[in-house]
Each structure stands twice: as structure tokens, then as C-alpha cells.
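What follows is a single structure, written as C-alpha cells, with notes after it.
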Amino acid sequence: MNTSRSIIIDTDPGQDDAVAIFLALASDELQVLGITVVAGNVPLELTARNARIVCDLGGRPDIPILAGCDRPLLRPLVTAEDVHGNTGLDGVEIYDPDIQLRDQHAVDFIIETLRSQPSESVTLCPLGPLTNIAVAFKLAPDICARVAEIVLMGGAYFAVGNVTPAAEFNIYVDPEAADIVFRSGVPLTVLPLDATHHVLSNKPRLDALRAIGNRTGQAIADLTSFYERFDRRKYGSEGAPLHDPCVIAYLLKPEIFESRFVNVEIETSSELTRGMTVADWWGVTDRQPNATFAGGADADVFFELLTCKIANLP
Ligand code: RIB
Ligand code: CA
């Protein structure tokens, strides 16, 4: 019997977050227990609304959506409207869907779900700053041992930073939260820019999504067409790196990614390198490995998987 893998997606939608959520909803190998929302790409009020829009477009009004932390643990919130637009979901129509947020705080949902589900049966999939996860771990340390795995998008090593020369956005926004998560001892897989920068959209790949003929394929093409202008201008790349969907693709087909089990620690004290993920890729320290860190990805297999799965949605 095909047993599905239970996941909680923690997210700051964001066009690429939206694609990740669509991919998860389209995959019967995964059971999405809930979507917890955090401030990141845009403020919490907008990321929460955007998560509702994505589940509405995906035809899944049943999915619990819960709002979480509206700012990092210690630092002022840094957002990314320059990348994602003022709505955070530029590229599709913005509307107020019937789906409503659950009343419970996202952190309480994470704690309650991990305590009630069988131990080591739930995978956490953070796609934004790690504030919700870190607060849950601090409020309820007992849940750490109950997490099957954390598979997150964040960080960079050879690819260096995208928000500063040293740091990737999700880690940069809340480095203290990332430090708590990376030191938690929970089995950890990291999809950093080193991997996600290989997963670039381009015209044939977006045309294939449009050719599916459903609204989610069209939405992904429209979202990505907006989102890619930033990377085209900054990197001169052909298209946009689909960062967050790499987390879901890893759950479905880990062989898409090359990775190595290494020590990764988070810079929290230096303002110059705040949020840097210091990956001991070459094993030059005696620091214990704590993360499976992806270094490469097969974009063709990724987009073949994405296009095949999205056909399952409305
Ligand atoms: O650096 C890329 C990450 O920052 C992605 O998760 C994107 O959605 C933004 O949150
Ligand atoms: Ca994100």
C-alpha cells in the first residue's frame, strides 16, 4: 500500500513558495497536514492571504492554513518586495478567497501536531525564515525528538548569498532562528542556492506547464514569468531559480539532487556575514556533520516531475 508521507509546510508565499505548495498538493505521496505561514518575502498579513489564494487555486480548501510569527526573533523584519512584488504573489490575480485561516497560532499547530501524530512521522518543510520552527522548538523542546526530518530551502555556500554577499534570504532574515534549528539535532536536509540555482525556468519549461491546460499550470507560468525578471536582471540568467519547490521535489525524487552530509553552522554575530551558512564542505574542521547539504540538481528531471504532477491539479 502506498503510504503517504506527512508534512507541514512552513512558508512565506512568494511565487516560488506557491509552486512548492502546488507540487505538494499534486502529489499523493505526500499528506499536507497543514500550511503554517511566516513573515518573510512580504509581511505576515500578505503571506497568510497568499497561502489562502494558493490553496484555493489548487482546489484544496480542506488544508489547514495558520498564521505564525510576524517578525524574526530579535531583528527587524526584512522583506523582498523587489523580488516578489508588493503583493508577494505578483503574476496572478490577487483576491480574498473563501478559505479562512484557522484561529490557532501556527506555532501551537506545529507543537500540537507533532505531539499528536506518531513520533518521527512528520516532516517539516520550511520555505521561508525559520522563526515559527525555532519558537516551536524553544516552547516545546520535547517535539524535536518527534520530528522525522526537516527539509528546508535556505542557505548557500559556493553559490554565496543573494541578499548580501554572504547570506541567502531565508537565513539572513532570522539567523538566530536558523541557529536554533541547525543546532536542534533534528535530522536536517538543506536545499541551498548551490542546488536551487541549477533549477532555472525557461520558455520551453514554462510552455510545457501552460500546455497542461489547467489553471495551476497557467498560474505557475504566470507567477514565474513575473518572478524571473529579477534574476534575469541580476544574474543575466535565462530564467528564475525555483528555490522552494526543490524541497518538495527532494521528498518526491531525492536523486534529482547531489548532496553531502557536512557540518553547517550559522553566523549570528558579525553584521558583515550575518546569516551566512558556514558549510564545512571539505571537512577541514572537527565540527560534527549535522546536515545533508545539496550541491547540485538535475533541472530537466525536476521540471519533468513538476509538469507531470501539476497535471493532477485543477
Ligand atoms: O532565497 C530564496 C528564498 O527566499 C525563497 O524561499 C524565496 O521564497 C524567499 O523566501
Ligand atoms: Ca520562500
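The values are calculated or read from the model by the stated rules, or taken from the named source; none is laboratory data. For clarity, every value in this text was computed on a predicted model and none was experimentally measured. Because the Cβ atoms are built from the backbone with ideal geometry, glycine has one as well, and the counts that use them run over all protein chains shown. When the accessible area is computed, the model is the full protein with side chains, heavy atoms only, and any ligands, DNA or RNA have been set aside. Shrake-Rupley method; radii C 1.70, N 1.55, O 1.52, S 1.80 Å.
Numerical summary
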{"item": "Computed over segment 229-278, Cα set: Rg, Dmax in Å", "result": "15.1, 37"}
{"item": "Heavy atoms of residue 250: accessible area, 1.4 Å probe, square angstrom to 10", "result": "40 Å²"}
{"item": "Solvent-accessible heavy-atom area per residue, rounded to whole Å², over the chain at 1.4 Å", "result": "39 Å²"}
{"item": "Residue-wise HN-Hα coupling along segment 164-171, computed from phi with Karplus coefficients 6.51, -1.76, 1.60 (Hz; x: Gly, Pro)", "result": "9, x, 10, 10, 8, 4, 4, 7"}
{"item": "Pairwise FRET efficiency - residue 183 versus residue 104, Cβ, R0 = 45 Å, nearest 0.05", "result": "0.95"}
{"item": "Per-residue [θ]222 nm for the chain (sum of -39500 (n - 2.57) over DSSP H runs n ≥ 4, rounded to 500)", "result": "-10500 deg cm²/dmol"}
{"item": "Heavy-atom accessible area ranking, 1.4 Å probe, most first, across 75, 115", "result": "115, 75"}
{"item": "³J(HN,Hα) computed for each position of segment 94-106 - Karplus, 6.51 cos²θ - 1.76 cosθ + 1.60, integer Hz, glycine/proline x", "result": "9, 8, 9, x, 5, 4, 10, 5, 6, 6, 5, 5, 4"}
{"item": "Rg/Rh (Cα only; Kirkwood hydrodynamic radius) as it applies to segment 1-137", "result": "0.95"}
{"item": "DSSP bridge pairs, segment 108-264: antiparallel proportion in percent, nearest 5", "result": "10 percent"}
{"item": "Computed Kirkwood radius, in angstrom, where 1/r is averaged over Cα pairs of segment 80-201", "result": "16.1 Å"}
{"item": "Distance histogram for the chain (every C-alpha pair counted, 20 angstrom bins, percent rounded to whole numbers)", "result": "37, 60, 3"}
{"item": "List 9, 180, ordered by accessible area with a 1.4 Å probe, largest first", "result": "180, 9"}
{"item": "Estimated vicinal HN-Hα couplings, Hz - segment 297-314 in sequence order (Karplus 6.51, -1.76, 1.60; Gly, Pro = x)", "result": "7, 9, 5, 5, 5, 4, 5, 5, 5, 4, 5, 5, 6, 5, 4, 7, 9, x"}
{"item": "Part-to-part distance (alpha-carbon centres) for segment 1-48 and segment 126-205, which is given in Å", "result": "14 Å"}
{"item": "Net charge contributed by nearby residues that have their C-beta within less than 10 Å of residue 124 (K/R +1, D/E -1)", "result": "-2"}
{"item": "Within segment 180-314, percent of DSSP bridges classed antiparallel, to nearest 5", "result": "85 percent"}
{"item": "Amide H partners (placed H, <5 Å) of residue 10, local residues excluded", "result": "36, 125, 127"}
